[in-house]
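Peer 1: Quick one: this structure, given as structure tokens, is what I'll be asking you about.
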Amino acid sequence: MKSLKSLRWMVGSVWWTCASIAALAPDAAPLEPDPSAVERWRAMRFGMFIHWGPVSLTGQEIGWSRGAQVPVEEYDQLYQRFNPTNFNADAWVAAARAAGMRYVVFTTKHHDGFCMWATRQTDYNIMRTPFGRDVVRELADACRRGGLAFGTYYSVCDWYHPAFPRTSPGGKVRRDVSDIAAYREYLRAQVRELIEGYGPLLTMWFDMPQEFDRAEGERNVRFCRALQPDILVNNRAGGGAGDYDTPEQRIGAFQTHRPWETCMTVGRQWAWKPNDQLKTAAECVRILLRTIGGDGNLLMNVGPMPTGEIEPRQVELLREVGRWIEPRAEAIYHTRGGPWKPARHVVSTRRDRTVYLHVLDWPEDTLRLPPLPARVLSSRTVGAGGVKVLATAEGVQLSAEPPQRDPIATTVALELDRPAMEIEPIVVPNVGGSLAEGRPARASNVYRDSPDYHASKAVDGDDHTRWATDASVGECWLEVDLGSPQVFDRAVIRECVDYGARIEAFEIQVRENENWRVVHRGGAVGPRLEVAFPAVTGQVVRLRITRGRNGPTIREFELHAPGR
């Protein structure tokens, strides 16, 4: 009789579990996001990304250093001595607020599989460290006390979990034995813990969806939405499914039809790195302005130290950013990008009947912009400085004496006679632009044949895109067709050095019939190199990298006419 009762209990338990799962089956949950949730998130514009975990003890990159810079056996035991006794969630929130950030996204689990909350699905979590405190709980509560929205980063891949098919280094090694179905259940059990236990969440920020195709990605999205209908999910749930795009370590292109969010580090890597090279406050502000001018959000990353504190120089950097933003808040939050598309020297934002111009550079005493299909009723400077505005049918002119120009960006508000969002995007030519800008280009090699790194990215007038080559490439070339013979006597080359300088020698060549004539030879390039040479006439021009390593990559290649 006892065994029969036990059997009945087991059958009943299994039935109840299956019925509960069926009731919460994600197939019926919406794939599209709640529009009001999207608008709330967009209005925030600026958030803090935080990558942190036991790996901070090594100063190496989170997840990626497992099995690379740090042996797997050593990496997986770091948690046993992770004791960040100076961790104070309220101090982190205060740093984000001081920077003008409106939300926080925290790495609850990176590719290394270590969990920063009291998960019931694995012992490989923060509660098993000497610290023994639920970091996600404390940070979620601190965000709510501090008035910030809270979201969770969760890696889809897991190079530690034995059921996941891939392992370190970099997910390139396949396990002999794995069970992806079991792992997917593990993932969804953890996602449920995060949403139900620490929500409501602003977003579920998935990453690195190895082994998850579009169908599985959509299941991830629907699963999240079944648990919290107004949650947002990024585009890394699997197969590109999700609510918004996430360009990484670069500013996204102007895009108003679909939300996007640039994620970028204040230093060279995501996790804390001793003596890391940090961006300046001016660089951070300009990145923010270029991002919101393209109609995106900016999620800027800090990596706390193993003590639990955000590095003091990073905290001060954030304060400087916030001090610049505060008197210009109206031009940043609750705005949309445009109507003028971002140019190298100016970007714009808008809301209601106001357009905000952010002048990043004054290549001429008077800046001239294409006309607006609206009447400018009035203008005013926002923040420091003073700008004169003249709006006519021919265009909008801005002028300011050098002392009246803000060294980071001068912001001007234009009040219109019609809603600013009704105006279609307007292209702004770069002042003193390159002869090569927008011209057809090709290259000897493109990184993974990806259109994101096509040769055209080196002549698009955007310093945040780039032509890149495969890591095995040394010697290579970039070729641009100017359309007709042009006279030029100066070139500007901007190498992407975010991951180290890779160009050691180069030539600029002009095609003459079937031959190539060298008009200039040089050595290392770096972030910006300007070279001059006797005026030359040519239509097809090559930048030939004669000595390079590890895949040279160029942000911009410019050619300039005499006197420009």
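Peer 1: For the stretch 544-562, how many residues meet the condition of being open to solvent by 20 Å² or more (accessible area, probe 1.4 Å), within 27 Å of the chain's Cα centre (by Cα) and not basic (K, R)?
Peer 2: Result for the stretch 544-562: 1.
Peer 1: Residues G151, G146, G59: which one is of a type in the set (G, A, S) and on the phi > 0 side of the Ramachandran plot?
Peer 2: Checking each option against the conditions leaves just G59.
Peer 1: So Y333 ticks every box in (1) of a type in the set (S, T, Y); (2) more than 20 Å from the chain's Cα centre (by Cα); (3) in a loop (DSSP other than H, G, I, E, B) but one. Which box is left unticked?
Peer 2: It fails just one condition, (2).
Peer 1: For Y244, state whether it is hydroxyl-bearing (S, T, Y) and closer than 24 Å to R120 by Cβ.
Peer 2: Judged against the criteria, Y244 is not a match.
Peer 1: Kindly check whether there is at least one residue in the stretch 330-347 that is charged (D, E, K, R) and buried (at least 24 other Cβ atoms within 10 Å of the Cβ).
Peer 2: no
For every residue, the table says whether it meets (1) free of Cβ contacts under 8 Å to residues at least 40 places away in the same chain; (2) touching a Gly at 6+ places or on another chain (Cβ under 8 Å).
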{"residue": "W92", "(1), (2)": "no, no"}
{"residue": "A99", "(1), (2)": "no, yes"}
{"residue": "V105", "(1), (2)": "no, yes"}
{"residue": "G113", "(1), (2)": "no, no"}
{"residue": "A118", "(1), (2)": "yes, no"}
{"residue": "Y124", "(1), (2)": "no, yes"}
{"residue": "R128", "(1), (2)": "no, no"}
{"residue": "G132", "(1), (2)": "yes, no"}
{"residue": "D141", "(1), (2)": "no, no"}
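Peer 1: Let me ask you something else. Could you look through the stretch 467-502, keep only residues that are more than 31 Å from the chain's Cα centre (by Cα) and among the hydrophobic types (A, V, I, L, M, F, W, C), and pick out the one that is farthest from G548 (Cα to Cα)?
Peer 2: Restricting to residues being more than 31 Å from the chain's Cα centre (by Cα) and among the hydrophobic types (A, V, I, L, M, F, W, C), the top hit is V487.
Peer 1: Which number in (1) at pLDDT 95 or above; (2) in contact with a Gly (Cβ under 8 Å, 6 or more places away or on another chain) marks the one condition that N445 misses?
Peer 2: (2)
Peer 1: Follow-up question, since we're still on this one. Quick check on R350: is it surrounded by 20 or more Cβ atoms within 10 Å (Cβ to Cβ), closer than 16 Å to C284 by Cα and out of contact with any Cys (no Cβ under 8 Å at 6 or more places or on another chain)?
Peer 2: no
Residue-by-condition table, conditions (1) under 17 Å from G293 (Cβ atoms); (2) touching a strand residue (DSSP E or B) at 6+ places or on another chain (Cβ under 8 Å); (3) part of a loop (DSSP other than H, G, I, E, B):
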site: S348; (1), (2), (3): yes, yes, no
site: V355; (1), (2), (3): yes, yes, no
site: E424; (1), (2), (3): yes, no, yes
site: L435; (1), (2), (3): no, yes, yes
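Peer 1: Scanning for something out of contact with any Lys or Arg (no Cβ under 9 Å at 6 or more places or on another chain), open to solvent by 10 Å² or more (accessible area, probe 1.4 Å) and closer than 26 Å to M101 by Cβ, does the stretch 414-423 turn up at least one residue?
Peer 2: No, the stretch 414-423 contains no residue that is out of contact with any Lys or Arg (no Cβ under 9 Å at 6 or more places or on another chain), open to solvent by 10 Å² or more (accessible area, probe 1.4 Å) and closer than 26 Å to M101 by Cβ.
Peer 1: So A142 fits all but one of (1) out of contact with any strand residue (DSSP E or B) (no Cβ under 6 Å at 6 or more places or on another chain); (2) part of a loop (DSSP other than H, G, I, E, B); what number is the exception?
Peer 2: A142 satisfies all of (1) out of contact with any strand residue (DSSP E or B) (no Cβ under 6 Å at 6 or more places or on another chain); (2) part of a loop (DSSP other than H, G, I, E, B) except (2).
Peer 1: Exactly one condition in (1) part of a helix (DSSP H, G or I); (2) at pLDDT 95 or above; (3) of a type in the set (D, E, K, R) is not met by E283; state its number.
Peer 2: (2)
Peer 1: Sticking with this structure for a sec: May I ask you to list the residues in the stretch 493-513 that are out of contact with any Pro (no Cβ under 6 Å at 6 or more places or on another chain), surrounded by fewer than 18 Cβ atoms within 10 Å (Cβ to Cβ) and within 10 Å of V525 (Cβ to Cβ)?
Peer 2: A501, E504, A505
Peer 1: Check A535, A524 and return the single one that is aliphatic (A, V, I, L, M) and in contact (Cβ under 8 Å) with a residue 24 or more places away in the chain.
Peer 2: Selected residue: A535, the only one of A535, A524 that is aliphatic (A, V, I, L, M) and in contact (Cβ under 8 Å) with a residue 24 or more places away in the chain.
Peer 1: Still on this structure: Among what's in the stretch 76-86 and is in contact (Cβ under 8 Å) with a residue 40 or more places away in the chain and open to solvent by 10 Å² or more (accessible area, probe 1.4 Å), pick the residue that is nearest to D112 (Cα to Cα).
Peer 2: This residue is D76.
Peer 1: Show the residue pairs that are 6+ apart or on different chains and have beta-carbon atoms under 6 Å apart, the first residue being within the stretch 374-395 and within 21 Å of P419 (Cβ to Cβ) and free of Cβ contacts under 8 Å to residues at least 40 places away in the same chain, the second being polar (S, T, N, Q) and surrounded by 13 or more Cβ atoms within 10 Å (Cβ to Cβ).
Peer 2: V389/S379
Peer 1: For R133, all conditions in the list (1) assigned to a loop (DSSP other than H, G, I, E, B); (2) open to solvent by less than 10 Å² (accessible area, probe 1.4 Å); (3) out of contact with any strand residue (DSSP E or B) (no Cβ under 7 Å at 6 or more places or on another chain) hold save one; what is the number of the exception?
Peer 2: R133 satisfies every listed condition except (2).
Peer 1: Something else: A458 fails exactly one of the following numbered conditions: (1) within 25 Å of the chain's Cα centre (by Cα); (2) surrounded by fewer than 20 Cβ atoms within 10 Å (Cβ to Cβ). What is the number of that condition?
Peer 2: In the conditions (1) within 25 Å of the chain's Cα centre (by Cα); (2) surrounded by fewer than 20 Cβ atoms within 10 Å (Cβ to Cβ), A458 misses (2) alone.
Peer 1: Follow-up question, since we're still on this one. Could you grab me the full set of residues in the stretch 199-238 that are assigned to a helix (DSSP H, G or I), open to solvent by 10 Å² or more (accessible area, probe 1.4 Å) and either among the β-branched types (V, I, T) or out of contact with any Leu (no Cβ under 9 Å at 6 or more places or on another chain) (or both)?
Peer 2: Within the stretch 199-238, R214, A215, E216, R219 qualify.
Peer 1: Sticking with this structure for a sec: Of L298, L289, which residue is open to solvent by less than 30 Å² (accessible area, probe 1.4 Å), within 24 Å of E326 (Cβ to Cβ) and part of a helix (DSSP H, G or I)?
Peer 2: L289
Peer 1: Follow-up question, since we're still on this one. Considering only the stretch 514-543, how many residues are more than 18 Å from S434 (Cβ to Cβ), open to solvent by 30 Å² or more (accessible area, probe 1.4 Å) and not β-branched (V, I, T)?
Peer 2: So the answer is 8.
Peer 1: Given the condition farther than 15 Å from G199 by Cβ, surrounded by fewer than 16 Cβ atoms within 10 Å (Cβ to Cβ) and at pLDDT 95 or above, answer yes or no: does some residue in the stretch 138-160 qualify?
Peer 2: Yes: the stretch 138-160 contains one or more residues that are farther than 15 Å from G199 by Cβ, surrounded by fewer than 16 Cβ atoms within 10 Å (Cβ to Cβ) and at pLDDT 95 or above.
Peer 1: Can you work out which of the residues in the stretch 178-191 that are of a type outside the set (S, T, N, Q) and under 26 Å from the mean Cα position of the chain (by Cα) is surrounded by the most Cβ atoms within 10 Å (Cβ to Cβ)?
Peer 2: Looking at the filtered set, the residue picked out is L187.
The values are calculated or read from the model by the stated rules, or taken from the named source; none is laboratory data. From a predicted model like this one, the values you see are computed outputs, not experimental measurements. Virtual Cβ from ideal backbone geometry, glycine too; neighbours counted across all protein chains shown. The area values use the complete protein model at the heavy-atom level, side chains included, leaving out ligands, DNA and RNA. Shrake-Rupley method; radii C 1.70, N 1.55, O 1.52, S 1.80 Å.
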